[in-house]
Amino acid sequence: MLNVEGLRRDFPILETGIVYLDNAASSLTPEPVLEKMLEFYREYRANVERGVHRLSQKASEEYEGVRKRVAEFLNAKTAFEIILARNTTEGINIAANGLKWSKGDKIVTSMIEHHSNFLPWLRLKNCCGVDLEIVKPKDPAVDGLLDPADFEKVVDDRTKLVAISHISNVLGAIAPVREIAEIAHEHGAYILIDAAQSVPHMKVDIQNIRCDFLAFSGHKMCAPTGSGVLYIREELIDEVEPLYIGGGTIADVSVDHYELSPSSTRFEAGTPAIAEAIGLGAATDYLRKISMENIEKHEEKLTKQMYEGLSEISKVEVYGPKPRDRIAIMPFNVENLNHHDVALTLDVSANIMVRSGHHCALPLTKDIIRKPGTVRSSAYFYNTADEIDRFLFAVREIASKLAK
Ligand SMILES: Cc1ncc(COP(=O)(O)O)c(C=O)c1O
């Protein structure tokens with residue numbers, strides 16, 4: 001059982017009375033994570049992997065410790081598989097631009113992707129003659145549920161990569177990634193998982209999913225902005241050319257030759273975001289202490305409450321699947337009202353923070369939801385049933401007083 005009231009004390013911003021339901025965009029950061037970052041600045045502020053003195057040694061130890069912690073958190077085989085990146089977008093771009101592509105290679109993705117897991121593939125189609133196949137969710141499409149059978153139809157021996165998100169950032173729909181990974185591997189293709197919305201909310205086990213690449217952002221899971229991860233399966237590290245090279249990425253250099261480091265540091269050119277990485281390590285400790293199972297259980301209740309509550313309000317249309325197939329990411333519209341107006345009214349009249357717009361998923365918004373945008377409420381473990389009630393009450397007021 002989660003001691004939500006106790007955990008909320010780690011987030012002083014919540015004492016101001018705000019209801020923070022914009023967690024799919026970015027989570028709040030708890031005090032222990034902030035303290036750990038300050039510890040770096042106060043006690044061992046030095047560069048990493050570059051000095052023999054005590055401060056640099058301590059900073060390097062902490063920095064490398066993050067790789068180990070993240071590997072454990074994801075059940076990766078080794079810490080070498082963990083690249084400390086800035087965010088999901090950077091992680092996906094490292095893989096997209098680092099793999100070698102030939103005309104006629106095929107990439108399979110889906111219609112519900114965030115632009116960060118869509119534009120890198122669209123660019124390869126436009127620049128390198130790679131074929132891009134886009135799988136739509138099964139009917140009713142607005143559920144956002146992907147069917148492995150639809151991947152069976154398009155993944156073939158020409159397919160080099162299947163790139164899908166584990167959880168849709170708009171619809172909250174959970175994708176059957178393990179089944180899709182199996183289909184990809186049957187055809188010798190790699191699978192890349194955009195786990196930006198899953199790693200913060202559920203136990204993600206890389207060896208169970210059997211993915212080749214997986215990317216996520218620290219800032220959606222209690223870590224600071226500017227921290228993220230790209231996992232690359234150990235055997236594939238040599239297949240990916242780093243985006244940037246320079247200091248920190250090499251095993252050897254002479255005037256006409258360089259040899260890249262055999263490990264993941266080859267992808268971390270220049271001085272990294274040290275405090276942010278250390279914050280990410282502290283965030284994984286923080287989440288493990290709470291336990292991902294407890295987080296999932298608590299959020300399941302919030303998902304049901306939010307879905308059922310919104311569905312009961314006349315003039316409100318909720319998108320995405322039933323609670324059993326989704327997490328607490330809930331997009332909706334209130335009849336004729338503009339989505340930004342609804343979000344602003346929630347802030348001004350009820351102190352509630354939600355996101356509105358296309359959520360960086362325009363193909364999904366335009367072709368599946370078929371609206372200019374949606375209001376999106378998204379919860380995390382520190383949200384309470386009372387807060388969801390406050391949110392539902394406020395939406396009810398907006399629907400009855402402002403909608404035609
Ligand atoms: C599914 C998904 N992929 C990728 C991203 C991009 O994350 P970032 O902006 O941290 O790179 C997001 C952010 O909302 C997301 O939800």
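The values are calculated or read from the model by the stated rules, or taken from the named source; none is laboratory data. Owing to the predicted nature of the structure, the values given are computational and were not obtained by experimental measurement. Methodologically, a virtual Cβ is constructed for each residue, glycine included, from the backbone with ideal geometry; neighbour enumeration extends over all protein chains shown. The area values use the complete protein model at the heavy-atom level, side chains included, leaving out ligands, DNA and RNA. Shrake-Rupley method; radii C 1.70, N 1.55, O 1.52, S 1.80 Å.
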Considering only helices (runs of 4 or more DSSP H) wholly within region 37-135, the ones with at least 2 residues that are within 15 Å of the ligand (Cβ to nearest atom) and crowded, with 19+ Cβ neighbours inside 10 Å are 88-98, 119-128
Lys289 meets each of (1) away from the ligand (no atom under 16 Å from the Cβ); (2) in contact (Cβ under 8 Å) with a residue 40 or more places away in the chain; (3) more than 26 Å from Ile191 (Cα to Cα); (4) under 24 Å from the mean Cα position of the chain (by Cα) with one exception, condition (2)
Of those in region 358-392 that are open to solvent by less than 10 Å² (accessible area, probe 1.4 Å), among the small types (Gly, Ala, Ser) and out of contact with any strand residue (DSSP E or B) (no Cβ under 6 Å at 6 or more places or on another chain), the residue farthest from the ligand (Cβ to nearest atom) is Ala379
Condition test on Val48, is it in contact (Cβ under 8 Å) with a residue 12 or more places away in the chain, within 25 Å of Ile250 (Cβ to Cβ) and within 18 Å of the chain's Cα centre (by Cα)? no
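What about Tyr258, is it among the hydroxyl-bearing types (Ser, Thr, Tyr), in contact (Cβ under 8 Å) with a residue 12 or more places away in the chain, over 15 Å from Ile83 (Cα atoms) and open to solvent by 70 Å² or more (accessible area, probe 1.4 Å)?
Working: among the hydroxyl-bearing types (Ser, Thr, Tyr): yes; in contact (Cβ under 8 Å) with a residue 12 or more places away in the chain: yes; over 15 Å from Ile83 (Cα atoms): yes; open to solvent by 70 Å² or more (accessible area, probe 1.4 Å): yes.
Here the answer is yes, as Tyr258 does meet what is asked.
Quick test for you: out of Ile250, Ile232, Ile329, pick the one residue that is touching a Phe, Trp or Tyr at 6+ places or on another chain (Cβ under 8 Å) and surrounded by 22 or more Cβ atoms within 10 Å (Cβ to Cβ). Break it down stepwise before answering.
Numbers: Ile250 fails: surrounded by 22 or more Cβ atoms within 10 Å (Cβ to Cβ); Ile329 fails: touching a Phe, Trp or Tyr at 6+ places or on another chain (Cβ under 8 Å).
Matching residue, one of Ile250, Ile232, Ile329: Ile232.
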Scanning region 355-382 residue by residue, those in a loop (DSSP other than H, G, I, E, B), in contact with a helix residue (DSSP H, G or I) (Cβ under 6 Å, 6 or more places away or on another chain) and either under 29 Å from Pro12 (Cα atoms) or assigned by TED's automatic domain parsing to the domain that holds Leu145 (or both) turn out to be Ala379, Phe381, Tyr382
Over region 171-225, the set of residues within 11 Å of the ligand (Cβ to nearest atom) and among the charged types (D, E, K, R) is Asp194, Lys220
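Out of all the residues in region 229-246, which are part of a loop (DSSP other than H, G, I, E, B) and either farther than 19 Å from Ala181 by Cα or of a type outside the set (Lys, Arg) (or both)? Walk me through how you get there before you give the answer.
From region 229-246, those part of a loop (DSSP other than H, G, I, E, B) are 233, 240-246; that's our starting set.
Of everything in region 229-246, those that are part of a loop (DSSP other than H, G, I, E, B) and either farther than 19 Å from Ala181 by Cα or of a type outside the set (Lys, Arg) (or both) turn out to be Val240, Glu241, Pro242, Leu243, Tyr244, Ile245, Gly246.
Residues in region 68-84: is at least one within 21 Å of Gln207 (Cβ to Cβ), of a type in the set (Phe, Trp, Tyr) and touching a residue at least 40 places away in the same chain (Cβ under 8 Å)?
In the first step, residues of region 68-84 are kept if they are within 21 Å of Gln207 (Cβ to Cβ); the result is 68-84.
Narrowing the set further to residues that are of a type in the set (Phe, Trp, Tyr) leaves 73, 80.
Among the residues that remain, those that are also touching a residue at least 40 places away in the same chain (Cβ under 8 Å) are: 73, 80.
Yes: region 68-84 contains one or more residues that are within 21 Å of Gln207 (Cβ to Cβ), of a type in the set (Phe, Trp, Tyr) and touching a residue at least 40 places away in the same chain (Cβ under 8 Å).
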Of Glu90, Glu113, the only residue that is at pLDDT 95 or above, closer than 25 Å to Leu21 by Cα and touching a strand residue (DSSP E or B) at 6+ places or on another chain (Cβ under 7 Å) is Glu113
Does Gly228 satisfy the criteria of being over 21 Å from the mean Cα position of the chain (by Cα) and assigned by TED's automatic domain parsing to the domain that holds Ile82? no
When every residue in region 5-27 that is of a type in the set (A, V, I, L, M, F, W, C) and open to solvent by 20 Å² or more (accessible area, probe 1.4 Å) is compared, the one nearest to Pro200 (Cα to Cα) is Ala25
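Per-residue answers, yes or no, for (1) among the hydrophobic types (A, V, I, L, M, F, W, C); (2) under 21 Å from Leu243 (Cα atoms):
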| residue | (1), (2) |
| --- | --- |
| Thr109 | no, no |
| Ile112 | yes, no |
| His115 | no, yes |
| Trp121 | yes, yes |
| Cys128 | yes, yes |
| Leu132 | yes, no |
| Val135 | yes, no |
| Gly144 | no, no |
| Ala149 | yes, no |
